[in-house]
Every structure is written in C-alpha cells, then in structure tokens.
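Have a look at the structure below, then the notes.
The values are calculated or read from the model by the stated rules, or taken from the named source; none is laboratory data. Everything quoted here is computed from the prediction, not taken from an experiment. Note: ideal-geometry Cβ built from the backbone for every residue, glycine included; neighbour counts use all protein chains shown.
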Amino acid sequence: MHTVPVEQRSTRILIVDDDTEIRTLLAEFLEDNGLVVAQAAEGAGMQAALDAEPVDLVVLDINLPGTDGLELCRALRAGPDLPVIMLTARTSPVDRIAGLETGADDYVCKPFEPLELLSRIRSVLRRTGSAAARDGGSGIPARIHFGHWTLDVNERHLIDPQGVLVLLSGMEYRMLSLFLERPNTILSRNHVMERLHGRDSGPFDRSIDLQVSRLRQKIEVNSRDPKIIRTVRHAGYILTAPVRVVY
C-alpha cells in the first residue's frame with residue numbers, strides 16, 4: 001500500500017474501541033494512508049489520550065466497558081468542538097438515531113470497510129471545517145488508480161481506461177475497495193466473507209466466487225483470463241495490478 005511521507009501526516013485520529021484486534025488493524029490501515037493514530041480501549045484511556053495531545057477526530061465505539069460510547073460522546077460535546085464518528089455493531093435505526101442525537105457527526109456500522117471509513121473521516125473533517133481539512137493535510141485518498149482504472153473514493157464510482165464512468169453496486173464497491181487496501185496480497189475466501197458479510201465462508205458457499213466473477217466482468221478485458229484480480233488455487237484471490245493513491 002502506498003504510504004504518505006511523515007511530513008504530510010498532519011491529521012490525528014483517536015480510535016476508542018475495546019476490541020484490540022479491530023483497533024490495531026484499523027490503526028495500521030489509517031497510518032498506511034497518511035494519518036497519525038492514537039488508541040484507547042475505554043473512557044479513561046480516551047481522556048488520557050486527549051490530555052496527551054490534541055486530535056482532529058474521534059472514532060468512538062458504542063459498546064465499551066464501563067461508560068459506553070453514547071455517554072462519552074455526550075461528554076465530548078460538553079467540551080471543545082471535536083468531530084466524532086460512532087462505530088458500532090448496533091444496526092437498528094433507533095440505535096443510529098441515538099448515536100446522532102448525542103452529537104455524533106456520523107455513524108458507521110460493523111462490519112465496515114476501512115476505505116469507507118476513510119471517506120467518512122474526510123467528509124466529516126471537511127464538513128466541520130477542521131484545520132487539517134482546510135490545510136489539505138488529511139492524508140485520505142481521493143482516487144485510487146490500479147492498472148488503467150480509477151476508483152473515485154469521494155463519488156464511489158469507477159472510471160475505465162477510456163475515462164467512461166462504470167457504475168458499481170454497493171457490494172462491488174466494497175469488494176474492490178477491500179482488494180485495493182492490500183494489493184499483491186492473497187486474500188482467502190474466509191477473509192473476504194468476514195470483511196464483507198461478517199461471517200465465515202462455509203465449505204459449499206460459493207457466493208464470494210460469484211461476487212468476484214461479477215466484479216471481473218466489469219474490470220477485466222477477459223473475465224475468463226483475469227489479469228487484475230487473479231485466483232490463487234486453494235488459497236483465494238490477489239489483486240496484482242499496480243496501485244497508486246492520489247490525495
């Protein structure tokens with residue numbers, strides 16, 4: 001994955017989530033894409049991180065030990081204006097409304113695509129007029145070039161080698177984003193299934209193969225002989241096209 005030089009890393013994000021694996025993987029992804037990331041597992045850790053150094057935005061899980069994310073968001077709103085994106089496994093409209101009514105600027109449900117969260121972070125920073133966004137130093141990709149194709153992250157659409165707009169379904173966008181996060185890395189069917197659907201792939205579950213096939217029909221010259229997303233027998237899939245990120 002393309003990495004932004006350290007001197008361009010001006011936006012600082014605080015991730016507050018008690019799931020160590022999710023927190024660490026998300027932090028690594030955001031750092032690979034040019035942000036400075038601090039982490040905390042609960043409310044006390046969040047406050048300690050905020051006291052240590054100012055941040056531009058907080059990604060805050062609702063389900064936390066002790067004081068939950070909703071109460072922490074209310075506490076943040078009582079202080080200096082700080083953008084907050086709620087991150088949660090709760091998917092009902094009531095939960096979403098509750099999160100937004102506490103003052104959150106956006107709400108992202110698990111499982112989610114890190115690339116989508118990057119786009120949400122950028123949007124919130126621009127909407128709230130943060131210094132980092134005004135200075136153009138958010139370090140979040142606007143477009144991702146792979147081979148002769150371009151994925152427009154802001155508009156969530158694909159542009160073919162001739163400059164023609166290609167429409168993607170929500171699932172196609174999420175799947176392509178997943179492969180672009182980790183180019184030249186074999187992704188197993190179970191990994192793709194977990195990231196896209198939040199569950200493991202069963203031994204007879206071919207839904208991922210079908211979804212990859214549909215995506216290939218849009219981006220490959222010959223979907224029967226793919227050159228961009230290749231199949232690795234008994235292992236999974238790998239995106240082999242060169243990737244270049246534009247900020």
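Being within 30 Å of Arg127 (Cα to Cα) and in contact with a Lys or Arg (Cβ under 8 Å, 6 or more places away or on another chain) holds for only one residue in Val164, Val221, Val245, and it is Val245.
Using the structure shown, decide if Gly43 is crowded, with 19+ Cβ neighbours inside 10 Å, touching a residue at least 12 places away in the same chain (Cβ under 8 Å) and within 17 Å of the chain's Cα centre (by Cα). It is false that Gly43 is crowded, with 19+ Cβ neighbours inside 10 Å, touching a residue at least 12 places away in the same chain (Cβ under 8 Å) and within 17 Å of the chain's Cα centre (by Cα). Across region 97-129, the qualifying residues are those that are modelled with pLDDT under 75 and small (Gly, Ala, Ser), and the one among them that is nearest to Tyr247 (Cα to Cα) is Gly129.
Within region 46-64, work out how many residues are in contact with a Gly (Cβ under 9 Å, 6 or more places away or on another chain) and under 17 Å from Gly103 (Cβ atoms).
Of the residues in that region, 5 qualify.
Given the criteria in contact (Cβ under 8 Å) with a residue 24 or more places away in the chain, outside the structural domain of Arg120 (by TED's automatic domain parsing) and surrounded by 13 or more Cβ atoms within 10 Å (Cβ to Cβ), does Arg214 qualify? Judged against the criteria, Arg214 is a match.
Listed conditions (1) modelled with pLDDT under 75; (2) at positive phi are all met by Gly163, apart from (1).
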